[in-house]
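Asks: First the structure, which I've put down as structure tokens, then a few questions once you've had a look.
Computed from the coordinates by the stated procedures, all read-outs in this text should not be read as laboratory data. Treat the numbers as computed from the prediction; the structure is a model and nothing was measured. Glycine gets a Cβ as well: all are built from the backbone with ideal geometry, and neighbour counts include every protein chain shown.
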Amino acid sequence: MKIAVLTKAIPSYESSIRVDSSGSWIDESIVNYVVNESDSYALEEALQIKESSGEGSEVVVVTLGSEANTSKVIKDGLAKGADRGIFIKNESSTTDPLTVAKIFADNLKSENFDLILSGLQSDDMGSGQTGVLIGELLEMSTATLAIETQVEGDKIKVKRELESGWFQWVTLPFPASISIQSGINEPRYPSLKGIMGAKRKELNTLESSSESQKQSFVNLYVPKNEKVTEKIEGDADTIVAKLMDILKNKLKVI
Amino acid sequence: MVLVVLENQRGKIHPFSLEAVAAGQKFANELNCDLTILCIGEKVDELKSQAQNFKASKLILAKNDLIDMYSADGYSKVLSDVISELSPKYVLVGHSYMVRDFLPRVSAKLSIPFVSDIISVDFNSGNPHFSKQVFNAKLATSIEISSDQALLSFQSAAFSSDDIEEGAPGSVEEFNVQLSDSDIKSNSEPEFQESSSGVDLTAAELILSVGRGIESEDNLPTMQSLADAMGAEVASSRPVVDMGWLPPYRQVGSSGQVVSPKLYFSCGVSGAIQHVVGMKGSKNILAINKDEDAPIFEIADYAVIGDVLEIVPKLTEEINNSK
């Protein structure tokens, strides 16, 4: 089975995010890029499917973005056990999900993947569309928010998470594009051998086709706080004293 | 014309769809155009009686036994056909898990942009801009469309179902659904609930919620002690459940429970969108976080900037001493 895993480099949780001078993008120079969290689960799921489906299977880690931000993401995937990498170079900050998906689809079409796995959404743009869009563009079957997968011959059975504790099983024929919910498995750490071996693995760099965006950012801004927020600062003792007053006298909950 | 698509959630209109109806009426007023409401599925009659009470130009029922059960294949085909025939300027839906599952397929089929998880709309004299949260809610963006049509999904509470104008649709029509077996490639089974051994967080007056900021599973007893001292239920954000520190039934957010306690006391929770939608209705929100920029502070009534692991044990002791 030929499996692609889409991974994205996103700013780490700890990174401070500041709007740059253009007003419509962030200052990337102060940001530390890491692998999008749910993509790590997608990679682990792909590696487990490969390991249980025997000889001749391969996992290809695919990313799109600028060289500076994404190089770590591919290395990480190869070190964890992906067989090769595809890097689609895109130096402009493309934010339209359909444009992103068309670039992926154009570049991946000739690979004829049986399965494309992606994280349910990226923690930066949060659109949660890419995997499904690519699935439609490449005429694959699709499912989202998978929390369990079972390969059954020429089909894959997926347990989908619905809202408020409900679930549904869906059986899809290959080729399929499935987005993975975080928590589906326990992502592995790269081994030292894996890290060393990653350098010798194949990495193809492809150029983005130029697609015009149908939706774009007018600006980026710090959200306005709609509530009157009382800030509580100071050393731990000061904070505790203030909290006691709030809990006891204002909220009357203790 | 704007088109609102209703989702059938086990026999009732999904609450997010009601908010989309309110959005649709607002769009129709602002843009001075017609509003059409669409029900899809074999069980459209379940929604019809409720949908007949909404003021709209038209109510359309797209019924077919091949979509007796939801499937991305069937729903995306039917909605694409409806859009091709009616050419609505905007298609409005709630940002539910079902919408996330099939609406991108429609976007790709018709090459119409899909702006998802919108929190507010600026009608901007006829050329609307749509705001959404990005970079884990640390920033927001305003999006403009360069296309004749767009698909729009709204985050819960972007519009309020209380604002729905009652009335009746000008007409009720059936859409001629063209579906064949070969259109449905995937096979969906009935929805089910896992054995719900757990707690009903929705009934709790006080909730102490923990996020990845508590750093380690070993710090859970410390947090539990504070919850015990306050008489609060412990809840958590998704990462805590994913790491196996707490069971899934403790989770608050889009994939967990939606709560509105008297006090939501959050400890080391960053405030990702998926979590916030599950707790922003709380009467009072008190948040402790080391990161001054944590998005949770935007919705907090009390923002404590500090180390949760230092503050919580001291607070627990003070509460116990005061009893």
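Asks: In debye, nearest 20, what is the charge dipole magnitude of segment B:2-183 about its Cα centre with +1 on Lys and Arg Cβ and -1 on Asp and Glu Cβ, if you could check?
Replies: 400 debye
Asks: If exposed means no more than 14 neighbouring beta carbons inside 10 Å and the site is in a DSSP loop, what's the longest run of chain A without any exposed GluC sites (Glu not before Pro)?
Replies: So the longest stretch without any such site is A:140-225.
Asks: Moving to a separate point now. Once the Cα atoms of helix B:220-230 and of chain B are each reduced to a long axis, what angle between those two axes, in degrees from 0 to 90 to the nearest 10, is obtained?
Replies: Compared with the principal axis, the helix lies near 90 degrees.
Asks: Ok, one more. Test of understanding: ordering B:V259, B:V276 by Cβ neighbours within 10 Å, fewest first, what list do you get?
Replies: Ascending number of Cβ neighbours within 10 Å: B:V259, B:V276.
Asks: What's the local net charge at B:Q178, with K and R +1, D and E -1, over the other residues with C-beta under 11 Å away?
Replies: Charge balance in the 11 Å sphere: -2.
Asks: Starting from the Cα gyration tensor of the protein assembly as shown, take the square roots of the eigenvalues, sort them a ≥ b ≥ c, and report rounded, prolate or oblate (rounded when a/c is under 1.5, otherwise prolate if a/b is larger than b/c, else oblate).
Replies: Cα axes put the protein assembly as shown in the oblate bin.
Asks: A further question follows. Pick out which of A:V73, A:V31, A:V218 has the largest mean-square fluctuation in a Gaussian network model of chain A, springs linking Cα atoms closer than 10 Å.
Replies: A:V218
Asks: Sorted from fewest to most neighbouring beta carbons within 10 Å, what does the list B:H129, B:H275, B:H95, B:H14 look like?
Replies: In order of increasing Cβ crowding within 10 Å: B:H129, B:H14, B:H95, B:H275.
Asks: So what's the gap between the Cα centers of segment B:264-310 and segment B:86-137, to the nearest angstrom?
Replies: 28 Å
Asks: Moving on to the next point. Under the definition of Cα pairs under 8 Å and six or more residues apart, what whole-number percent is the relative contact order of chain A?
Replies: With pairs under 8 Å counted, the relative contact order is 23 percent.
Asks: Still on this model: Tell me the net charge near A:L138. Cut-off is 15 Å between Cβ atoms, A:L138 excluded, with +1 for each Lys or Arg and -1 for each Asp or Glu.
Replies: 0
Asks: Note down the relative contact order for segment B:2-183 as a percent, whole number, built from C-alpha pairs under 8 angstrom at least six residues apart.
Replies: Reported as a whole number, the value is 30 percent.
Asks: Continuing with this model, one more query. Hey, any idea what the orientation-averaged projected area of the convex hull of chain B's Cα atoms comes to, in nm²?
Replies: 18.0 nm²
Asks: Taking every pair of distinct Cα atoms and averaging 1/r, then inverting, what Kirkwood hydrodynamic radius in Å comes out for segment A:1-136?
Replies: 15.3 Å
Asks: Using a Gaussian network model of chain B with C-alpha springs under 10 Å, which one of B:N136, B:N64, B:N32 is most mobile by mean-square fluctuation?
Replies: Of the options given, B:N32 has the highest mean-square fluctuation.
Asks: On to the next question. Once you charge only the Cβ atoms, +1 for Lys and Arg and -1 for Asp and Glu, what is the size of the charge dipole of chain A about its Cα centre, to the nearest 20 debye?
Replies: The dipole of chain A has a size of about 300 debye.
Asks: In what order do A:R188, B:R10 fall by count of nearby beta-carbon atoms within 10 Å, going from fewest to most?
Replies: By the 10 Å Cβ count, ascending, the order reads B:R10, A:R188.
Asks: Please find, in a Gaussian network model of chain A (springs between Cα atoms separated by less than 10 Å), the residue of A:K157, A:K224, A:K72 whose mean-square fluctuation is greatest.
Replies: Ranking A:K157, A:K224, A:K72 by mean-square fluctuation puts A:K224 first.
Asks: Just add up the charged neighbours of B:L86: K/R +1, D/E -1, any other residue whose Cβ is under 12 Å from the Cβ of B:L86.
Replies: My count for the surroundings of B:L86 gives -2.
Asks: Given H placed 1.01 Å from N in the peptide plane, which residues other than close sequence neighbours of A:Q215 have an amide H under 5 Å from its amide H?
Replies: B:S146
Asks: Compare the Cα positions of A:I49, A:P173, A:V62 along the charge dipole of the protein assembly as shown (+1 at Cβ of Lys, Arg; -1 at Cβ of Asp, Glu; about the Cα centre) and return the one farthest towards the positive end.
Replies: The Cα lying farthest towards the positive end belongs to A:V62.
Asks: With both bridge residues required to lie in segment B:1-145, what share of the DSSP beta bridges run antiparallel, to the nearest 5%?
Replies: Of all bridge pairs located within segment B:1-145, approximately 45 percent are antiparallel.
Asks: Decide, for segment B:214-303, between rounded, prolate and oblate: order the square roots of the alpha carbon gyration tensor eigenvalues as a ≥ b ≥ c, take rounded if a/c falls under 1.5, and otherwise choose prolate if a/b is larger than b/c, else oblate.
Replies: Rounded, since a/c falls under 1.5.
Asks: Report, as a whole number in µm² per second, the diffusion coefficient that Stokes-Einstein gives for segment B:2-183 at 25 °C and 0.890 mPa s using the Kirkwood radius over alpha carbon pairs.
Replies: 150 µm²/s
Asks: Next question. Any idea what the relative contact order of segment B:201-322 is, in percent, if you count C-alpha pairs under 8 Å spaced at least 6 apart?
Replies: 26 percent
Asks: Which loop GluC sites (Glu not before Pro) in segment B:289-323, with loop taken from DSSP, have no more than 14 other Cβ atoms within 10 angstrom of their Cβ?
Replies: B:E292
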